[in-house]
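> Dropping a structure here in structure tokens format, bear with me for questions.
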Amino acid sequence: MANENLGGPRVRANAVWSLQQITEHQRTLDWIIANKASWLETPFGSQLIYGTVRHYYSLATLIEPLLEKPLRPKDKDLFHLLLVGAYQLLHMKLPAYASINETVSACRLLGKNWAKGLINGVLREVDRQNKDKLASNLSNQNHPAWFLEKVKTQYPKQWEAICSANDQQPAMAIRVNSSKTSLDLYCEKLNKTNIQFSEARSEHGVILQEPVPSRTLPGWLEGEASLQDLGAQYAAPLLMNALSKDTNTPTILDGCAAPGGKLSHLNELLGNKFASYKLIAVEKDKKRLAVTRDLVARSQQGKIDNILFIEADSTKPTQQLQFKCDAIMVDAPCSGSGTIRRNPDIRILFDPIELQSKSKFQLRLLRNLWRSLRSGGNLLYVTCSIFNEENDLVVEQFLSEQADAIFENIDLPLGRATKFGWQVLPCDGPTDGFYYCQLRKV
Ligand SMILES: C[S@@+](CC[C@H](N)C(=O)[O-])C[C@H]1O[C@@H](n2cnc3c(N)ncnc32)[C@H](O)[C@@H]1O
């Protein structure tokens, strides 16, 4: 019987299967959460899967030279078992003999008892080395070559900090619902429940020192708090602050709404400021739209009468999108390269070839939604990408073809100005990377 604190062979085999799903079948960690939730139920199982994915490239760099000959393609699972073993030795504080024994025992569950000697030998070799030195030497080798090249070119001063931030676990950030309570009152409640936190550099944000299950947060059921990354909390205030002063009953469209974090935030801020307003939430994916409606209803405690949920394609000039809005949020689908800390599988799954099609798609979103903006109105273009191809370059192309569009300056507590907008990087603080650009219709 395996010691529960050390996990057993099963949890290691599950980690291997997860890596197989990601690398062989292009499944995401979100897919694993949706389909194999039980694998992530224990902190140990969750850490093993997320941690091995997070350190995939550096662990592979370590293991490859230790193999006398490369493993056959059909034995990729054994390669992954070695990564899972090496992750425990380098990054988890477990007794090495137990990590190695339990990892070797997982060979049986993979149907490959014959490989026990190989797994044992390679992991013992890793264990003989200076593991702290190894872990730090490998830290600059934990991204695919294309990523390193791109990030070095685009961020010659920050690339190392970005890579090292990507290897950390993400912070748990909370947005306090300003239509229900104040940041001060909520912080008092956190103090009373002994949840350690620091105030975030955003108007309604708090960063927890350690993650906790969301249902244990004070006021969770009453909609006093939502989970939202710090960088994402800048979007709604940016859009609101750029509303023209003569707007009394604004109509605002969120062109890519699911899962509704920024939409909820907008609803809170609009409700605080205007007696009457309309919020239009557009989403192409029917299931995601339904989930969004439920999530927003929870976080807004059912106060969603002002929100119109529409299933539509925001790149197409359909009848459904014939509005003249005061403001539009375009939180475009992108590479997610600013969220690698939160979604470590992106560095394995994202193919840079896709950047070209992503930027074309982002441009189509901008072109189409621009028609729904009234003259004098503002459009906030947002991505969670750090790549220029999805950010300033898309805006540059848009501005070159749209004579009635100008960009306006942005200034946020974190990040830096770019040619047309503002870039927050994952190394700027406990935040994902985001790009913001404010466009005005003149
Ligand atoms: C980055 S997410 C938006 C996140 C959201 N704004 C939030 O804060 O929770 C992008 C969303 O756009 C949706 N989407 C993709 N293509 C679309 C299209 N052509 N029209 C409308 N929505 C689309 C995706 O399904 C996804 O839910």
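> What nm distance separates the two modelled labels at Leu148 and Thr418, each placed 7 Å from Cα along Cα→Cβ?
According to this spin-label approximation, the distance is 2.4 nm.
> Continuing with this model, one more query. Distance check, please: which entries in Lys262/Lys324; Lys192/Lys303; Lys245/Lys358; Lys192/Lys273 exceed 25 angstrom between their Cα atoms?
Lys192/Lys303; Lys245/Lys358; Lys192/Lys273
> Against the empirical 2.2 N^0.38 Å scaling, what ratio does the C-alpha Rg of the stretch 305-401 come to?
Its radius of gyration relative to the 2.2 N^0.38 Å reference: 1.18.
> Taking +1 at the Cβ of each Lys and Arg and -1 at the Cβ of each Asp and Glu, which of Thr193, Leu217, Val176 sits farthest along the dipole of the stretch 172-227 towards its positive end, judged by Cα position relative to the Cα centre?
Leu217
> How high is the relative contact order of the stretch 1-101? Use alpha-carbon pairs under 8 Å, at least six apart in sequence, and give a whole percent.
Result for the stretch 1-101 is 32 percent.
> Once the piece of chain linking Asn113 and Gln301 is laid out straight, how much longer is it, given 0.36 nm per residue of separation minus the C-alpha distance between them?
Stretched fully, the Asn113-Gln301 segment lengthens by 62.2 nm.
> Check cross-link reach from Lys133 to the lysines: straight Cα distance under 21 Å, and skip same-chain residues fewer than eight apart.
Lys93
> Okay, moving on. Taking neighbour Cβ counts within 10 Å as the exposure measure, how do Lys116, Lys358, Lys69 sort from fewest upward?
Result, fewest neighbours first: Lys69, Lys116, Lys358.
> Extent of the chain along each principal axis, from alpha carbon coordinates, in Å, largest to smallest?
74, 51, 38
> A further question on this structure: Mind computing the radius of gyration and Dmax over the alpha-carbon atoms of the stretch 172-227? Å is fine for both.
Just the Cα atoms of the stretch 172-227 yield Rg and Dmax of 9.7, 26 Å.
> If you don't mind, there's one more thing I want to ask. Against the globular-protein guess of 2.2 N^0.38 Å, express the Cα radius of gyration of the stretch 4-142 as a ratio, rounded to two decimals.
That ratio works out to 0.96.
> Ok, one more. If you take the alpha carbon radius of gyration of the stretch 114-245 and divide it by 2.2 N^0.38 Å, what ratio comes out, to two decimals?
Values: Rg = 21.6 Å, N = 132, 2.2 N^0.38 = 14.1 Å.
Relative to the 2.2 N^0.38 Å estimate, the stretch 114-245 comes out at 1.54.
> Can you give the relative contact order of the chain as a percent, counting alpha carbon pairs under 8 Å and 6+ residues apart?
13
> If I take R0 = 60 Å and measure r between the Cβ atoms of Lys192 and Lys69 in this structure, what FRET efficiency does the formula 1/(1 + (r/R0)^6) give, to the nearest 0.05?
Rounded to the nearest 0.05, the efficiency is 0.50.
> Set the Förster distance to 30 Å, then compute FRET efficiency between Asn120 and Gln169 from the Cβ-Cβ distance, nearest 0.05.
Approximately 0.50, to the nearest 0.05.
> Stretch Asn101-Thr61 to full length: gain in nm at 0.36 nm per residue minus the Cα-Cα span?
12.1 nm
> Which of Thr249, Leu279, Gln320 sits closest to the plus end of the dipole of the chain, meaning its Cα is farthest towards the positive end, when Lys and Arg get +1 and Asp and Glu get -1 on the C-beta?
Towards the positive end, the residue furthest out is Gln320.
> Next question. For the stretch 231-441, state the semi-axes of the equivalent ellipsoid (square roots of 5 times the eigenvalues of the alpha-carbon gyration tensor), sorted largest first and rounded to whole angstrom. The partial results should precede the final answer.
Values: eigenvalues 118, 80, 63 Å².
With the √(5λ) rule applied to the stretch 231-441, the semi-axes are 24, 20, 18 Å.
> If you bin every alpha carbon distance in the stretch 369-442 into 5 Å steps from zero, what whole percent lands in each bin?
Here the calculated profile for the stretch 369-442 is 3, 17, 28, 23, 15, 9, 4, 1.
> Name the residue farthest towards the positive end of the dipole of the chain from the options Ala98, Gln233, Val382, assuming +1 on Cβ of Lys and Arg, -1 on Cβ of Asp and Glu, about the Cα centre.
Going by the charge dipole, the pick is Ala98.
> Any chance you could run the full-extension gain for Lys131 through Lys287? It's 0.36 nm times the residue separation minus the Cα-Cα distance, nm to one decimal.
51.6 nm
> In Å and whole numbers, how far do the C-alpha atoms of the stretch 187-305 stretch along each principal axis, longest first?
Answer, in whole Å and largest first: 43, 35, 23 Å.
> Please give the charge dipole size of the stretch 4-142, origin at the Cα centre, charges +1 on K and R Cβ atoms and -1 on D and E Cβ atoms. Round to the nearest 20 debye.
Details: 17 positive and 12 negative charges, 46 e Å.
Once rounded to the nearest 20, the dipole reads 220 debye.
> Rounded to the nearest 20 Debye, what is the dipole magnitude of the stretch 184-253 about its Cα centre when Lys and Arg each give +1 and Asp and Glu each give -1 at the C-beta?
Values: 5 positive and 9 negative charges, 13 e Å.
It comes to approximately 60 debye.
> Once you charge only the Cβ atoms, +1 for Lys and Arg and -1 for Asp and Glu, what is the size of the charge dipole of the stretch 292-402 about its Cα centre, to the nearest 20 debye?
Computed charge dipole of the stretch 292-402: roughly 280 debye.
A short reminder: the numbers here are calculations on the coordinates, not readings from a lab. Quick caveat, the model's predicted, so the values are computed rather than measured. Every residue, glycine as well, gets a Cβ built from its backbone with ideal geometry; the counts of neighbours run over all protein chains shown.
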